[in-house]
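The values are calculated or read from the model by the stated rules, or taken from the named source; none is laboratory data. Not measured: the values here are computed from a predicted model. Using ideal geometry, Cβ is built from the backbone for each residue, glycine included, and neighbour counts are taken over all protein chains shown.
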Amino acid sequence: MLRPPTVAIVGRPNVGKSALFNRLIGRRLAIVEDTPGVTRDRLYALAEWRNRIFTLVDTAGLDPQLEHGDSIATATQRQAEAAAREADAIVFVVDASDGLHPIDQDVASIVRRTRRPVVLVANKTESPSVAAGVAGEFSRLGFGEPLSVSAIHGEGTGDLLDAITERIPVELPGAAERGELALALVGQPNVGKSSLLNAMLNEERTVVSEIPGTTRDAIDTIFNFHEHTIRLIDTAGVRKRVRAHGALEYYSALRSLHAIARCDIAILLIDAMQGILGQDRRLAGMILEERKGLVVVANKWDLAREQGEYSQAELISVIHEQIPFATFAPVTFLSAKTKRRLGSLMPIVMRVAANLDRRIPTAQLNSIIRDATLAHPAPAPGGRTFKIFFCSQPAVHPPLFVFHCNDPQLVQSSYKRFLENTIRANFDFEGVPLSLEFRERSRVELDER
């Protein structure tokens, strides 16, 4: 698959970065997916504008006033630097009502060193007098004349989105275009990502080469599993880098997002001693929002077994209860340290990889859907009946199912889940997110086909 470019919103505190982020994703952008389980204070959104898909990242996850022993200016520099390092383009936000602030100059210096394309945005320009002075006040930052916007009222956001799409690159090649299967190891610090990486490379597999990844501090490792070429995208260095830059949750999420965007399948590593935590749910939501395959790996299984006699089936049930939006994800238990049950991982990964590319014959698909809808008709709110005329699967990796119906507005969320569950019950899509699209099609149009 192609990976979408990343756009980071940076700026000093209280200039309206979060308000602008929420305005863009809430009013002007069509969020491609909105997965339950992603917390309300998420830092990113996969979005589309004029047929260009990109990932928007908000740096509001760092509150500089919570940094102990550091000045607000230093904390802001760390925030901007972390965002800029991972981005393909940068939206640099300043406060037009306050005028040019010394910290704006600090942020500008960091942004300038990245050599990324920059859109300078002057927010809070509701007042005509303030808007009139924007060009003279902020042009000296060296990024050209700023775009005037009002995040509160939405003014100027269309021009801003046009400017963003002009500066971002086309979607970048992913591993699939190189004949590889890309795996991302994601998880919280200290769950054993480095140990798992080393165990996977040393377990009857040959390392072909180590080449620099797309990020400046990441290493992609290429190895062979049977006849398949596997690219491991490692985020094991997150904790060390986080200590150097501060903002643990923000920087971890940013690094994980970048890795997830580049992969085909994400291996979500959790601590078997602790189970699924809040950040694990966030990561699972990120993976599914990016439409990637998902495998959950419970590490430190040797330690968990010492705490009590629980069957794996019982533990899998508990994990699925904690991530109810990802119950289709396979779960395996292993110990990266002792390599116990390590051999269970790659066969599961390859099964999910096959499911990503699974295509269902149209006649068989329509037969299953027709029988299901006859047995369980859709609710009819207001007396109007939802009807499906035809179903097809035009895309794989991940699979997309298109339902041609009388009125897409009539289908309720519960019935969408019913249709997805019907597909999953009849075909093997373990570990794979399914996209369901509903298009209006009249009976007359179908008869003319």
#### Entry: Per-region count, the stretch 356-388, residues in contact with an Asp or Glu (Cβ under 9 Å, 6 or more places away or on another chain) and either in contact (Cβ under 8 Å) with a residue 40 or more places away in the chain or not hydrophobic (A, V, I, L, M, F, W, C) (or both)
4
### Message
Take the conditions surrounded by fewer than 15 Cβ atoms within 10 Å (Cβ to Cβ), touching a residue at least 24 places away in the same chain (Cβ under 8 Å) and assigned by TED's automatic domain parsing to the domain that holds Glu227 and apply them to Pro330. Does it pass?
### Response
no
### Query
Within the stretch 281-319, how many residues turn out to be in a helix (DSSP H, G or I), buried (at least 17 other Cβ atoms within 10 Å of the Cβ), at pLDDT 85 or above and more than 13 Å from the chain's Cα centre (by Cα)?
3
### Query
Just a yes or no: is a residue in the stretch 24-41 out of contact with any Gly (no Cβ under 8 Å at 6 or more places or on another chain), at pLDDT below 85, buried (at least 24 other Cβ atoms within 10 Å of the Cβ) and not assigned by TED's automatic domain parsing to the domain that holds Leu183?
yes
### Query
Quick one: Val352 ticks every box in (1) more than 30 Å from Ile53 (Cα to Cα); (2) out of contact with any helix residue (DSSP H, G or I) (no Cβ under 9 Å at 6 or more places or on another chain); (3) hydrophobic (A, V, I, L, M, F, W, C) bar one, so which box is it?
(1)
### Top-ranked residue of the stretch 120-161 - restricted to ones that are in a helix (DSSP H, G or I) and under 15 Å from Phe21 (Cβ atoms), ranked as nearest to the chain's Cα centre (by Cα)
Leu161
### Query
Name the residues in the stretch 145-200 that are among the charged types (D, E, K, R) and modelled with pLDDT under 80, would you?
Glu171, Glu177, Arg178
